[in-house]
Amino acid sequence: MDVPVHFFLMLSAAMFFIGVFGFIIRRNMITLLMAVELMLNAVNINFVVFNRFLYPDYFEGFFFALFAIAIAAAETSVAIAIIINVYRKIRSIEADDVAEMKH
Amino acid sequence: MMETIQSFMTAMMNSVSEIFASADLTRPTWSKWIFMALAGVILLGSVLTVTSRRILRAATFLFFTLLATAGLYLLLEYEFLAAVQLTVYAGGILVVIVFSILLTSHISYRFDPPPVWRVLGGLVAAGSGLLLTICVLVLTVFPKGVAAPAPDMQQVGNALLGQDVHGYVLPFEVISILLLACMIGAIVVARKSREPEASQPDKTE
């Protein structure tokens with residue numbers, strides 16, 4: 001591998017903070033979820049790169065990324081179920097409208 | 001104060017030039033070209049995912065970003081992880097997101113552009129975080145890893161179901177219970193209730 005490890009880490013840092021940016025500017029709940037997926041993905045890249053470049057004989061980062069993918073799938077399915085339920089109740093998935101769920 | 005900033009800047013410049021020297025850009029190889037292409041797709045796809053005003057297009061750009069990430073795993077010679085990324089992320093999660101988009105919003109609906117103060121706040125927050133991270137990254141010296149052969153699938157399988165120090169059979173089982181709980185939870189949450197539903201006007205159209 002002749003690409004330095006710094007370049008991979010900078011790429012994942014950029015991806016993570018683009019996700020943060022999207023989480024701040026968006027107001028639709030599904031787009032918020034997509035921004036969170038971007039952040040999770042960037043963190044997975046970090047785990048895999050550290051594993052591959054620094055400890056290539058073990059699989060710690062590899063399995064952490066694998067389990068993070070599985071947990072992301074579970075989290076997305078529950079989040080989508082909640083979003084669809086909220087849409088049925090108040091006919092909108094804008095995060096500002098969901099403040100009506102208080103009390 | 002000025003001296004601190006000056007020494008910081010020189011340290012930064014030295015580290016950056018060292019990193020680029022170790023990249024050896026005068027001698028391009030296939031892996032460098034592929035990395036640059038994947039990085040371009042990832043950056044462009046991420047930016048368009050969070051800025052596109054049509055939600056289905058945002059999902060499509062997210063799909064390309066996840067595909068390029070799988071390519072990055074392939075470049076690092078983790079074929080199994082790339083396959084998992086493709087099937088679970090690009091295949092599973094994206095399909096669920098697209099279905100929920102089609103269930104909850106009109107296909108021709110366009111978002112209003114976000115207010116300027118919110119964009120500015122997002123840029124400041126994300127930009128300062130990114131700047132800080134990249135400064136720390138550039139100043140960090142990573143140990144020079146030895147060139148290890150790519151792990152084969154047998155090693156991965158033995159570690160995944162191993163019970164020794166580097167075995168992962170317990171997290172594997174815990175994940176399976178978590179997935180079962182999530183499945184039941186998602187069904188319970190998304191199930192249609194028997195009561196008549198609220199009949200408010202549709203705000204997304």
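Computed from the coordinates by the stated procedures, all read-outs in this text should not be read as laboratory data. This one's a predicted model, so the numbers in the text were calculated from it and none came from an experiment. Every residue, glycine as well, gets a Cβ built from its backbone with ideal geometry; the counts of neighbours run over all protein chains shown.
Looking at segment A:29-92, the pairs of alpha carbons with a distance over 15 Å make up 59% of the total. Rounded to the nearest 20 debye, the dipole size of segment A:5-101 about its Cα centre is 200 debye, using +1 on the Cβ of Lys and Arg and -1 on the Cβ of Asp and Glu. Taking only the C-alpha atoms of the protein assembly as shown, the Rg (one decimal) and the largest Cα-Cα distance, Dmax (whole number), read 21.7, 71 Å. Shielding value for B:11-19 is 1, the average number of Cβ atoms from other chains within 10 Å of each residue's Cβ.
Ordering of B:125-136, B:73-84 by packing is B:73-84, B:125-136, highest average first (other Cβ atoms within 10 Å, averaged per residue).
Relative contact order for chain B: 18 percent, from Cα pairs under 8 Å spaced at least 6 residues apart, divided by residue count. Helix content alone sets the calculated 222 nm mean residue ellipticity of chain B: runs of n ≥ 4 DSSP H residues at -39500 (n - 2.57) each, divided across all residues, give -22000 deg cm²/dmol. Counting Cβ atoms of other protein chains within 10 Å of each Cβ in B:67-73 and taking the mean gives 4. Counting Cβ atoms of other protein chains within 10 Å of each residue's Cβ and taking the mean over peptide B:96-107 gives 5.
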